[in-house]
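Working notes, structure below.
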Amino acid sequence: MLEIIKNEWRFLVRSRIFLSISIAFILILLLAVFLGNYQTQKQEQTHQNAKEHVRQQWVSIDDMNPHSAAHFGTYVFKPSNLLSSLDEGVSSVTGNVLRVEGHVQNEIIHSEASQMQAVSRFGKLKPSLLLQYMVPLLLIFLAFNTVSKEKESGRLKLLVLQGAKPLQIILSKTLSVWFYGLLLLTFTLVLYTILNFQSFTYEIFTRTILFFLSYCFYYFIISGLTVFFSARWQNATLALTSMLGVWIIWTLFLPNMLMSSAEKWHSLPSRNEFQSAMKEDRSKGMDGHNPADKRGFALKEKVLQEYGVDSLSQLPINFDGMRMQADEEYGNSVWDKHFGNNRDVLQKQKQSFQLGGIINPFISLKNTSMGFMASDNLHHQEFLLQVENYRRVFIKMLNDKQTYGGSKTGNWGWKEDNAFFKSVPDFNYKPTQISVVLSNYMLDIGLLFLWSVLVIVLIVFGTKKIQIV
């Protein structure tokens, strides 16, 4: 087998067309990595500048009422992800700016795609586009006549007469093509590592290795299936047509069909339905700005009884701040209910879509590629959840200062000094650990592995029916 692989590579290296195409494609691939990495670093710098600017605005607040500061609010910016320079996933369409303020849980805005004049079907020229679509095509065109050509020239019969078994020949051809795909993948990751060496951590290294393994499996599936068709069919054109048909179905048709089906099976409420339901449930709670609200009145009686006084003016605290915090906590429960339901639906959609990997390994590759590069919806939802948790801490600190800071009920002119606002912590995003990500994509990894085993089984048993001449 080793000699056959060496001969295959000698033939490829001697081909000027192959070398020209390979060099050109490697340069394009490396350019895509460089530009993607440059853009990611530029976005990170922009994010850092915006974050520092907004934080400086907050810590520069002069004397102000804490609740007025809650309405003044702040902004949280979704941090750029170093890994997304390889696969940006959903990052370009999910938004990256979120306003944090009292009484309201805002939606994330300013997605990159919304600011582009035109968005192509495949998106920007990113390494993932080349690795997922173009490299498999190259492997198909490289492998479709590997065995057919040997049949037509009579060399296959000669190899068998010299002692080579058909199975060894086909596996050698498969590995030769597969190694070419791994070479392109390795070039990509080596340049990525060099460009980001100073920022590399164990977490990033682990994710990169898992990213590499996912593509290894997929390239083997493409290479093995194409070589099998080349051996199975007498006509090289038929082998090429068959594999191109499989590639088109896997990459263009099935993903869209399966995602549309998953969205129908587990449907999310429309924006209007969602907002109406939130507004209706929110109206059932306390109104923090309306002293005459029945729920607010009940809270007032409870607090007066706890402190053993007859009127709000006798309270040692500011009841306005307490009523505001009660309003926030009810709003939090509404948010947990509706957004929690949305997250459950999205999780069911994801699981249904993952099952599509049973008939389409490209789906499993897409899932693992985005997941390991931290650019999938799982990471986006985790960011939104962390921002909401921060918003609750942020607003509670302001309401507690209003309540227990020394002011009296109804004294909206009371102000807190700058030192307090400096003490309010800034948002600190904690990246999702790879162990959590891995548990969510074990199914995809398992399906890629099973597809690789299936291709091997197909080659082993399929070679028995291959005609030598």
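A few points about this structure:
- Placing a label point 7 Å from the Cα of D62 along the Cα-to-Cβ line, the residues of region 401-441 whose backbone N sits under 17 Å from it are 413-422.
- The mean sequence separation of alpha-carbon pairs under 8 Å and at least six residues apart, normalised by the residue count of the chain, gives a relative contact order of 24 percent.
- Compared with the dominant principal axis of the Cα atoms in the chain, helix 2-14 is inclined by about 80°.
- R0 of 22 Å, Cβ-Cβ distance S423-D336: FRET efficiency to nearest 0.05: 0.20
- Of K401/K422; K284/K337; K6/K173; K42/K126; K51/K422; K78/K422, pairs whose Cα-Cα distance is over 20 Å: K78/K422
- Here the extension length gained between L458 and S261 equals 67.9 nm, from 0.36 nm per residue of separation less the Cα-Cα distance.
- Per-residue HN-Hα couplings for region 349-364 [Karplus 6.51, -1.76, 1.60; θ = phi - 60°; Hz; x = Gly/Pro]: 4, 4, 5, 5, 5, 4, 5, x, x, 5, 10, 8, x, 4, 5, 5
- Principal-axis tilt of helix 16-59 within the chain, Cα atoms, nearest 10 degrees: 10
- Spin-label model, L31/F18: points 7 Å from Cα along the beta carbon direction are separated by 2.5 nm.
- Translational diffusion of the chain was estimated from the Stokes-Einstein equation, with Rh taken as the Kirkwood radius over Cα pairs; at 25 °C and 0.890 mPa s the coefficient is 94 µm²/s.
Read-outs throughout are calculated quantities, based only on the coordinates presented, and are distinct from any laboratory measurement. All of these numbers come straight from a predicted model, not from anything done at the bench. Don't worry about glycine lacking a Cβ; one is built from the backbone with ideal geometry, like all the others, and counts go over all protein chains shown.
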